[in-house]
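The values are calculated or read from the model by the stated rules, or taken from the named source; none is laboratory data. Just so it is clear, the structure is predicted and the values come from calculations on it, not from any experiment. FYI the Cβ positions are ideal-geometry reconstructions off the backbone, even for glycines, and counts take in every protein chain you see.
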Amino acid sequence: MSEETDQWRVKLRRRMRGIATFFLVVSVLGGLGSAALIAAGDQRWELDDLIGLAAVSIGLFFAALASWNGSRIGAIFVAFLVVLPPVAAFLMDEGFSAGAAVRGVIYFILAMIMLISAIQYRAASHKASEPFGGRAWMRWLGKALSGGVLGFLGFGFAAIAFGPPIAVVKGSELSSEQMVWLSEQGFLTSSERPLYAYSDGVFSMEVGGSLLTDEYVGTWWKEDGELQSYWIKLGEICEVKTENEGSIIQDVIYVVHGPGEDNWFQLWLSIEDNLHKQFVSRMKTINDRKMRPEIQTFCEEGRPIDWVEVATLNGISQDIVDGQAVPEEQSDWMREQEFLIEGEEILSFYSYGKFSISEEGSLLTDQYLGGWAERDGEVQSWWMELSEICEINRPENASGSPTALYRLVPADPDSWIDLRYPTRNGQADALVDRVLLLRDERQSDEQKASCQVEAEPDLEVVKP
């Protein structure tokens, strides 16, 4: 081997090891700096950012160690590790700066020079049949440990960038795909507004999470391959306890109790950005506003809610009430809502509300049959003149249910109305008989002719 070739080999090795030494120093300084900031609890830095910096420093140290011993893969790992932080900050819009970009470019160029030098040095050594030096076990150790750190960081970055939020987020920050998924699972209805959400899944919300809407709070999880969930309506939460304060690596755990010993669930939330406190505070505020004295009594007595008892306390019967037995305050409310016109007579009334008849109800008069429901603070109603009813159908109902759904179908089958009535003691059947008798008395020949009794395949015709 000529002296010139040997000098070239030495020059390449010095360049390779000189840059590797630079990165070793940078990694040590970065690791010590992040450790000092974590120990000092410096409020200018987020703890997870400091942990990320420490991980990068550890990976960079071992990658530079492998490069110093002539590893080309180590040099490639160095290049990835020095560009990962600024690229991640840019893609996630987390304080990316021109200084970080310039530093990342300089470090990347140095890593590429180190890689080229390592390739040329090893090629020159092989050509000259000379050992290229360095310790093999250090190369393998450095590659293994730095590769592991790089894989961990890359996996975490992919989860943050492309997976569901791993921190509590406001409902307005949920993506359209996440909103669709929540709706498909029945966790979010069209009338509900999501306020806060959290998912501990890496790439899918299906793994588990929590949701607060303006109506409910609940959680879901996977058990034996099946998606399970538990929900409590706001206004029915008796107590919220903190079971675990949480940390950077562990979620805070709240236990949400409803009325009764078995009515509770655990609410797991990330402590990142302290949004878990807003989640719980908003939940308590809405719950306190919606809490009724009747429910508070069940909370204090530690027993499950008896809705029949609640309705009875509020003067709402669980049976269909004859028109003459309707309390005056309830008939006055129906007149205020213009559900009754001058001279119209109440024949029967049924409400399936719990606190007020305004929640839901139906009314039969000598002229109309219809019902109402409270939606978003407003009472919406729908009515059908008795003479316009062609048939009354009953869609399939769950067996054992105390109520059944009845569908009023006019000549235009697309203008049907659904009403719910109690089935015990034949109350609903008796009401249907009465309605059909009144219809027959009021229908003209033209109306009878326009009614074609053709029940839909999935409906049971009660009577034509």
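Points worth noting:
- Only listed residue being in contact with a Leu (Cβ under 7 Å, 6 or more places away or on another chain), surrounded by fewer than 17 Cβ atoms within 10 Å (Cβ to Cβ) and modelled with pLDDT of 80 or more, chosen from D214, D262: D214
- Among the strands (runs of 3 or more DSSP E) confined to the stretch 357-464, the ones with at least 3 residues that are at pLDDT 85 or above and among the small types (G, A, S) are located at 368-375.
Conditions (1) surrounded by fewer than 21 Cβ atoms within 10 Å (Cβ to Cβ); (2) among the aromatic types (F, W, Y); (3) assigned by TED's automatic domain parsing to the domain that holds D251; (4) at pLDDT 80 or above, marked per residue:
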site: L37; (1), (2), (3), (4): yes, no, no, no
site: Q43; (1), (2), (3), (4): yes, no, no, no
site: L47; (1), (2), (3), (4): yes, no, no, no
site: L53; (1), (2), (3), (4): yes, no, no, no
site: F61; (1), (2), (3), (4): no, yes, no, yes
site: L65; (1), (2), (3), (4): no, no, no, yes
site: R72; (1), (2), (3), (4): yes, no, no, yes
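- Residue check for Q324: more than 24 Å from Q380 (Cα to Cα) and either assigned to a helix (DSSP H, G or I) or in the same structural domain as G260 (by TED's automatic domain parsing) (or both): yes
- For the residues E301, E309, the requirement of being free of Cβ contacts under 8 Å to residues at least 60 places away in the same chain and within 18 Å of S356 (Cβ to Cβ) singles out E309.
- The C-beta contact set for the stretch 407-420 (first residue over 16 Å from V432 (Cα atoms), second residue among the small types (G, A, S), distance under 8 angstrom, 6+ apart or interchain) comprises A411/S450.
Rundown of residues vs (1) hydroxyl-bearing (S, T, Y); (2) surrounded by fewer than 19 Cβ atoms within 10 Å (Cβ to Cβ); (3) within 13 Å of L12 (Cβ to Cβ); (4) at pLDDT 75 or above, yes/no style:
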site: L115; (1), (2), (3), (4): no, no, yes, yes
site: Q120; (1), (2), (3), (4): no, yes, yes, yes
site: K127; (1), (2), (3), (4): no, yes, yes, yes
site: S146; (1), (2), (3), (4): yes, no, no, yes
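- Criterion (assigned to a helix (DSSP H, G or I), farther than 23 Å from E360 by Cβ and over 17 Å from the mean Cα position of the chain (by Cα)) met by exactly one of E261, E300: E300
- Filtered by the rule that a residue be among the β-branched types (V, I, T) and under 39 Å from the mean Cα position of the chain (by Cα), the stretch 317-364 gives a lone residue, I357.
- The condition (being surrounded by 18 or more Cβ atoms within 10 Å (Cβ to Cβ) and of a type in the set (G, A, S)) is satisfied by just one residue among G209, G235: G209.
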